[in-house]
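So the structure is just underneath, and the comments pick up after that.
The values are calculated or read from the model by the stated rules, or taken from the named source; none is laboratory data. Not measured: the values here are computed from a predicted model. Note that each Cβ is placed from the backbone with ideal geometry, even for glycine, and that neighbours are counted across all protein chains shown.
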Ligand code: GLC
């Protein structure tokens with residue numbers, strides 16, 4: 001092995017402590033994979049006291065009342081706690097009653113930038129407190145986007161941060177700061193170069209953290225190769241495509257992995273019956289349990305389509321709404337699980353009332369996350385854009401066939417099934433249009449009728465390997481590359 005690196009991973013959410021999306025999976029599993037490859041890793045995240053149960057997770061206080069000097073006029077005190085992501089892989093929590101303890105949700109405060117500004121400084125301060133001579137600080141998404149700049153401007157003389165390099169990973173470019181960037185008045189837009197406003201100055205809320213992360217980090221990457229190319233274009237660049245193009249020499253794409261031990265149908269304790277690629281027939285029992293739980297008629301032969309996603313425009317729900325009536329004319333069942341936009345909730349509820357024997361709808365229930373993959377035949381992911389997407393990877397592992405829009409990470413991980421050569425692990429449609437989605441579903445339903453062909457497809461999907469080992473090694477190459485400079 002090359003030199004053992006000292007790596008700090010910083011993220012706003014880390015599974016199982018706090019989670020709103022795939023970011024939390026990555027913020028847990030990438031550090032663990034790096035640790036397994038023999039590196040010295042620590043992680044840092046906020047301590048949301050209304051969300052994270054300190055007793056259940058056995059968190060221990062490590063430093064109390066530490067003064068964080070933010071600027072000439074402001075100092076804020078924080079408390080640090082410590083838990084673990086695995087043996088010898090500590091996860092430090094930054095606590096402050098005013099900023100991280102008030103709400104039951106991770107995001108959505110009116111001074112979101114200020115909170116995460118404090119968090120970024122507190123993460124850097126922690127490294128000096130525990131005397132961890134970091135080679136790399138890995139910053140995940142906008143919530144950590146000021147770290148590269150603060151490191152250069154305020155911490156470069158600190159003994160443990162003198163030689164530290166930074167990497168900024170974009171998980172979703174539509175999130176760049178606390179506010180929606182497109183709602184920032186044009187005279188308030190942050191060009192990314194000016195000194196940061198004072199901590200309590202309302203201007204702080206206009207600072208674009210993602211832009212500054214891109215400008216100041218030594219390496220920038222995103223969570224698939226395809227999305228790395230897409231964000232250079234006006235259509236997907238969310239107004240940062242020019243800056244990204246100017247920084248293309250330090251921009252990379254690495255597809256996420258999944259925790260294959262946790263997501264394993266052969267051992268998953270959440271399933272009514274475990275199975276593997278050699279015993280696919282046991283999926284039937286899981287289908288029965290799923291239909292029962294979601295109050296759909298128990299019919300093993302009917303194709304069951306699942307969808308589990310945040311209810312957001314990004315996820316392709318508009319396309320789906322247009323074709324649902326046509327789709328529901330077919331002999332199928334549809335299970336939808338997810339929370340989000342109220343508008344979508346009420347639309348899906350209306351469909352559900354009208355076609356109650358065919359559609360089931362519920363909030364996201366962690367208990368049923370893998371139950372859906374185990375019981376459903378097809379998982380829909382018609383996302384308009386998708387930086388990586390993890391659900392398609394989990395679904396394949398459970399022999400639930402992903403049907404996806406050819407975009408971002410979905411394009412990198414799902415190969416369209418060819419019924420002649422029997423190659424491919426899912427169904428892919430190219431143009432983002434409801435007719436194309438409907439055609440792809442029709443094609444999938446047709447192939448579903450050929451039991452042997454479908455079985456082969458399920459076997460192929462279940463054998464796809466997406467462990468974190470390969471992406472973790474790619475990250476190590478990026479780290480090495482920037483350390484050599
Ligand atoms: C974000 C992206 C998703 C990606 C995840 C983890 O949630 O929207 O595509 O899989 O981050 O990187």
All but one of (1) part of a loop (DSSP other than H, G, I, E, B); (2) surrounded by 14 or more Cβ atoms within 10 Å (Cβ to Cβ); (3) over 25 Å from the mean Cα position of the chain (by Cα) hold for residue 160; state the number of the condition that does not hold. (1)
Count of segment 391-441 residues which are under 17 Å from residue 265 (Cα atoms) and more than 16 Å from the ligand (Cβ to nearest atom): 4
Which of the residues that make up segment 178-191 are in contact with a helix residue (DSSP H, G or I) (Cβ under 7 Å, 6 or more places away or on another chain) and surrounded by 19 or more Cβ atoms within 10 Å (Cβ to Cβ)? 178, 190
Among the strands (runs of 3 or more DSSP E) confined wholly to segment 1-94, which include 3 or more residues that are within 24 Å of residue 479 (Cβ to Cβ)? 6-10, 40-46, 74-86
Looking only at residues that are in contact with a helix residue (DSSP H, G or I) (Cβ under 6 Å, 6 or more places away or on another chain) and surrounded by fewer than 20 Cβ atoms within 10 Å (Cβ to Cβ) in segment 420-446, which one is modelled with the lowest pLDDT? 422
Test result for residue 364, within 16 Å of the ligand (Cβ to nearest atom), modelled with pLDDT under 95 and closer than 19 Å to residue 316 by Cα: yes
Picked from segment 208-226 (must be within 19 Å of the chain's Cα centre (by Cα) and assigned to a loop (DSSP other than H, G, I, E, B)), the residue farthest from the ligand (Cβ to nearest atom) is 224
Checked 269, 265 against criteria (away from the ligand (no atom under 16 Å from the Cβ), without any contact (Cβ under 8 Å) to a residue 24 or more places away in the chain, farther than 22 Å from residue 12 by Cα and not assigned by TED's automatic domain parsing to the domain that holds residue 73); the one match is 269
Output yes when any residue across segment 291-304 is without any contact (Cβ under 8 Å) to a residue 60 or more places away in the chain, more than 27 Å from residue 453 (Cβ to Cβ) and more than 16 Å from the ligand (Cβ to nearest atom), and no when none is. yes
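Residue by residue, here is whether (1) closer than 23 Å to residue 284 by Cα; (2) more than 18 Å from the chain's Cα centre (by Cα) holds:
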{"residue": "301", "(1), (2)": "yes, yes"}
{"residue": "308", "(1), (2)": "yes, no"}
{"residue": "311", "(1), (2)": "no, no"}
{"residue": "332", "(1), (2)": "yes, yes"}
{"residue": "354", "(1), (2)": "no, yes"}
{"residue": "357", "(1), (2)": "yes, yes"}
{"residue": "365", "(1), (2)": "yes, no"}
Tally of residues being assigned to a helix (DSSP H, G or I) and within 16 Å of the ligand (Cβ to nearest atom) across segment 140-157: 3
Of all residues in segment 370-386 being within 15 Å of the ligand (Cβ to nearest atom) and farther than 14 Å from residue 426 by Cα, which is surrounded by the fewest Cβ atoms within 10 Å (Cβ to Cβ)? 384
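Yes/no per residue for (1) within 16 Å of the ligand (Cβ to nearest atom); (2) within 17 Å of residue 123 (Cβ to Cβ); (3) in contact with a strand residue (DSSP E or B) (Cβ under 6 Å, 6 or more places away or on another chain); (4) modelled with pLDDT of 95 or more:
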residue: 3; (1), (2), (3), (4): no, no, no, no
residue: 13; (1), (2), (3), (4): yes, yes, no, yes
residue: 18; (1), (2), (3), (4): yes, yes, no, yes
residue: 31; (1), (2), (3), (4): yes, yes, yes, yes
